[in-house]
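Written out below as structure tokens is the structure these notes cover.
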Amino acid sequence: MEIKRTLKIKNEEETRRFGLDLAHELKAGDVVALIGDLGTGKTALTRYIAEGLGITARVNSPTFTIVKEYRESRLPLFHFDVYRVSDPDELFNIGADEYFYGDGVCVVEWADLIEELLPEDTRYIYIEYGPKEGERIYKCSF
Ligand SMILES: Nc1ncnc2c1ncn2[C@@H]1O[C@H](COP(=O)(O)OP(=O)(O)OP(=O)(O)O)[C@@H](O)[C@H]1O
Ligand SMILES: [Mg+2]
């Protein structure tokens, strides 16, 4: 995936700012793919995107399901965590395409595991730890 910009995030407040700004440019059928190690803040960023969309419900990782739906906002949010998906067929079985090409915004944690299923115009964010506590590096395809 081609990286268009690299952002240095200094702390969680900057992650929040990034998530809120991103939310405002999203429209129905957009997919945001989050790729990064354990604890880099994929769920945290999803939470701030949700906040930007106007979702007040607490966003937690969908532990027992692959996808969790939040439908209280202007644009619904479909939050995927595919960490435990061992076979892309599992996504086919839950009708993932209905979400990816649907009426809401999809955010996918561990998206590298199902990259071949994602729409071509997916926005990729590769998250790495920065050198200091709270710092993160965002490499964005957009
Ligand atoms: N700049 C930052 N951005 C996001 N989270 C941060 C930042 N700095 C510190 N944190 C903290 O890092 C933790 C990130 O946890 P989170 O569950 O969001 O990670 P994750 O990538 O979703 O992990 P997992 O791979 O288990 O799903 C949170 O406790 C959060 O408060
Ligand atoms: Mg997570």
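Quick note: the coordinates plus some simple rules give every number you see, no bench work behind them. This one's a predicted model, so the numbers in the text were calculated from it and none came from an experiment. Every residue, glycine among them, receives a Cβ derived from its backbone with ideal geometry; neighbour counts consider all protein chains shown.
Note on Ser141 and Ile94: their simple-model spin labels are 2.0 nm apart, each label 7 Å out from Cα toward Cβ.
Pairs of Lys residues in the chain, spaced 8 or more positions apart or belonging to different chains, with C-alpha separations under 17 angstrom: 9 in total. For the peptides 75-84, 22-31, the ranking by packing is 75-84, 22-31, with the highest mean count of neighbouring Cβ atoms within 10 Å listed first. Specify the angular offset, from 0 to 90 degrees and rounded to the nearest 10, of the alpha carbon long axis of helix 12-25 from the longest principal axis of the alpha carbons in the chain. Taking Cα atoms only, the helix is inclined about 50 degrees. In segment 5-140, the ratio of gyration radius to Kirkwood radius, Rg to Rh, stands at 0.94 when only Cα atoms are counted. For the pair Glu128 and Phe64, the difference between a 0.36 nm per residue extended length and the Cα-Cα distance amounts to 20.4 nm. Where does helix 42-53 land angle-wise versus the long Cα axis of the chain, in degrees 0 to 90, nearest 10? Once rounded, one gets 80 degrees.
Per-residue 3J(HN,Hα) values for segment 117-123, derived from phi via the Karplus relation 6.51 cos²θ - 1.76 cosθ + 1.60 with θ = phi - 60°, read 8, 7, x, 4, 8, 4, 8 Hz in sequence order (x marks Gly and Pro).
Can you tally the net charge around Leu75? Count Lys and Arg as +1, Asp and Glu as -1, for every other residue whose Cβ sits under 14 Å from the Cβ of Leu75. Local net charge: -3.
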